[in-house]
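The values are calculated or read from the model by the stated rules, or taken from the named source; none is laboratory data. Because the structure is predicted, anything quoted here is derived from the model rather than measured. Ideal geometry is used to build each Cβ from the backbone, glycine not excepted, and the neighbour counts take in all protein chains shown. Side chains included, ligands, DNA and RNA excluded: accessible areas come from the protein's heavy atoms. Shrake-Rupley method; radii C 1.70, N 1.55, O 1.52, S 1.80 Å.
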Amino acid sequence: MSDILSKMASNLYEGEEEKVAALVQQALDQGMEPQEILADGLIAGMDKVGVDFKAGDLFVPEVLIAARAMSAGMRVLRPLLAESDVTSAGKYVVGTVKGDLHDIGKNLVKMMLEGAGFETIDLGTDVDPASFVSAIQEHQPNLVGMSALLTTTMVNMKATIEALQEAGLRDSVKIMVGGAPVTAAFAEEIGADAYAPDAATAVDLARELSAA
Ligand code: B12
């Protein structure tokens, strides 16, 4: 990998927003392809963040800071990626389910997926089943994510899946669920496709589900 791309990846890991943005610009000025900068600079850095977060070597604040550096690099790159018509890794609609206002974990998963090249549409918190249905109709994602942090709101994941079934949309998307009280057994019971205990695993699963 070129020197500038490895520097970009390590600065992203360290959360150096301004340096990452400047290195992206420098790489473009040197004539590098936007896709190469994305894959071997930004995503490579974010992948290492994911691995170290999963291993317990990094914590939530560090991941959020790295994700901000990723966004700073993406701001420079995004217009050029749109021009060069780079296909995204997949399209992800996400929300925290009805009745639930917790969004830190949801945002972390979203940022890590953006880091992995997914296009994301964030419906926010307290999202009722009908809003998931209309967002899926509008944006036609391949992946849907639901987050819940309360034992009292987990049931709304099931209600959302039922609403998707009723709207005839269930088979058009893969559904991932997560949040502290959610388990793999619960995910299976409500008919979700996957459960991830953390943001790094969510990226691995999203890649698998998008390739399937
Ligand atoms: C911060 C917090 C709040 C903040 C939320 C701020 C915000 N913007 O999110 C505030 C103060 C608003 C809040 C309010 C409440 N909270 Co609160 N809160 C927490 C706390 C301390 C941390 C949650 C958090 O952000 N963790 C950090 C993130 C990174 O972890 P995470 O959310 O689990 O996400 C990771 C994974 O789960 C996974 N993941 C998450 N979502 C998704 C989605 C997908 C698709 C995938 C694949 C993976 C995934 O990946 C993430 C990253 O690795 C927890 C305690 C705890 N330790 O969990 C209590 C906790 C969740 N809260 C609790 C309660 C009771 C409440 C209130 C009811 C309190 C009250 N009486 O008012 C209200 C409810 C408000 C509402 N309607 O939602 C209880 C829930 C108990 C239960 N079993 O139901 C907890 C467990 C505290 C406790 N021990 O009692 N809370």
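Can you tell me which of A180, A167, A163 is of a type outside the set (V, I, T), more than 10 Å from the ligand (Cβ to nearest atom) and under 19 Å from G99 (Cα atoms)?
Values: A180 fails: more than 10 Å from the ligand (Cβ to nearest atom); A167 fails: under 19 Å from G99 (Cα atoms).
Answer to the check: A163.
Could you run through segment 151-181 and say how many residues are in contact with a Leu (Cβ under 9 Å, 6 or more places away or on another chain) and touching a residue at least 24 places away in the same chain (Cβ under 8 Å)?
Residues that pass the stated criteria total 9.
Those residues that are over 16 Å from G115 (Cβ atoms) and open to solvent by 30 Å² or more (accessible area, probe 1.4 Å), I need them from segment 187-208; list them, please.
From segment 187-208, those over 16 Å from G115 (Cβ atoms) are 187-195, 197, 208; that's our starting set.
Scanning segment 187-208 gives E188, E189, G191, D193, Y195, P197, E208.
Which ranges mark the helices (runs of 4 or more DSSP H) fully within segment 108-212 that have 1 or more residues being within 11 Å of the chain's Cα centre (by Cα) and closer than 20 Å to I43 by Cα? Lay out the reasoning, then the answer.
Values: elements: 129-139, 155-166, 184-190, 199-211.
Where helices (runs of 4 or more DSSP H) fall fully within segment 108-212 and carry at least 1 residues being within 11 Å of the chain's Cα centre (by Cα) and closer than 20 Å to I43 by Cα, they are 199-211.
Within segment 171-185, is there a residue that is under 24 Å from S134 (Cβ atoms), crowded, with 16+ Cβ neighbours inside 10 Å and polar (S, T, N, Q)?
No, because not a single residue in segment 171-185 is under 24 Å from S134 (Cβ atoms), crowded, with 16+ Cβ neighbours inside 10 Å and polar (S, T, N, Q).
Determine whether S134 is among the hydroxyl-bearing types (S, T, Y), free of Cβ contacts under 8 Å to residues at least 60 places away in the same chain, more than 10 Å from the ligand (Cβ to nearest atom) and open to solvent by 50 Å² or more (accessible area, probe 1.4 Å).
For S134, the condition - among the hydroxyl-bearing types (S, T, Y), free of Cβ contacts under 8 Å to residues at least 60 places away in the same chain, more than 10 Å from the ligand (Cβ to nearest atom) and open to solvent by 50 Å² or more (accessible area, probe 1.4 Å) - is met.
Taking segment 1-38, which residues are under 16 Å from G117 (Cα atoms), open to solvent by 40 Å² or more (accessible area, probe 1.4 Å) and in a helix (DSSP H, G or I)?
The answer is Q35, E36.
From the list L64, L77, which residue is open to solvent by 10 Å² or more (accessible area, probe 1.4 Å) and either modelled with pLDDT under 90 or within 14 Å of the chain's Cα centre (by Cα) (or both)?
On inspection, the qualifying residue turns out to be L64.
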